[in-house]
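The values are calculated or read from the model by the stated rules, or taken from the named source; none is laboratory data. On a predicted model such as this, the values are computed, not experimentally measured, just so you know. When we count neighbours, we look across all protein chains shown, and the Cβ atoms used for this are built from the backbone with ideal geometry, even at glycine.
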Amino acid sequence: MNGLSKNKDFIAGLMFVAIGAAFWYGAGNYQLGSAARMGPGWFPSVLGAIMTFLGVLIAALGLKNQAKWSATEGIGWTWRPVIILTAAVVLFGFALPTLGMIAAIIMLTFISGVAAHDKEYKSLAMITVIMCIFCAAVFVWGLKLQMKLFPWS
């Protein structure tokens with residue numbers, strides 16, 4: 001298991017399979033219904049099945065690339081990206097109602113970009129602009145959710 005323990009794709013695939021199977025098993029207690037008239041067990045069943053399928057695919061890709069993972073020493077576990085990403089999401093949650101969606105997304109993407117190993121600020125700026133446009137189009141204009149785009153709106 002020493003070689004497989006360094007294989008992040010294989011481990012991630014197993015985690016997806018475990019979570020998906022748990023959802024799938026838990027949804028078995030509820031009525032499934034049909035696609036036209038979904039019961040309370042429909043969504044967790046479908047979600048569990050999709051997660052299990054994706055987990056099997058990811059784990060299989062991890063096994064396929066096992067030679068690459070065995071040859072490396074592994075990056076190791078670092079807490080810095082975990083702390084930075086957690087802080088970015090928490091700050092996004094606090095900033096969204098007060099600063100508006102655009103400022104909160106800008107803050108989220110740039111703080112999250114600090115956690116990346118390869119910082120390319122040009123691509124980070126492009127991702128920020130695309131996310132701002134996409135989120136505004138989907139949530140504010142498409143779904144008509146009542147949230148501020150800007151602090152002054």
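Of note:
- In segment 123-139, the residues that are over 16 Å from the mean Cα position of the chain (by Cα) and surrounded by fewer than 18 Cβ atoms within 10 Å (Cβ to Cβ): Ser123, Leu124, Ala125, Met126, Val129, Ile130, Ile133, Phe134, Ala136, Ala137, Val138, Phe139
- The one condition in (1) modelled with pLDDT of 85 or more; (2) exposed (fewer than 15 other Cβ atoms within 10 Å of the Cβ); (3) in a helix (DSSP H, G or I); (4) not charged (D, E, K, R) that Gln31 fails to fulfil: (3)
- Considering only residues in segment 102-122 that are more than 19 Å from the chain's Cα centre (by Cα) and not in a loop (DSSP other than H, G, I, E, B), the one that is surrounded by the fewest Cβ atoms within 10 Å (Cβ to Cβ) turns out to be Lys122.
- If you go through segment 100-147 and keep only what is farther than 23 Å from Thr86 by Cα and among the charged types (D, E, K, R), you end up with Lys122, Lys144.
- For Val17, the test of being surrounded by fewer than 17 Cβ atoms within 10 Å (Cβ to Cβ), modelled with pLDDT of 85 or more and either closer than 24 Å to Gly62 by Cβ or aliphatic (A, V, I, L, M) (or both) is failed.
- Unique residue being modelled with pLDDT under 90, among the small types (Gly, Ala, Ser) and assigned by TED's automatic domain parsing to the domain that holds Leu85 when the list is Gly100, Gly113: Gly113
- Residue within segment 61-79 that is surrounded by 18 or more Cβ atoms within 10 Å (Cβ to Cβ), in contact with a helix residue (DSSP H, G or I) (Cβ under 7 Å, 6 or more places away or on another chain) and modelled with pLDDT of 90 or more present: no
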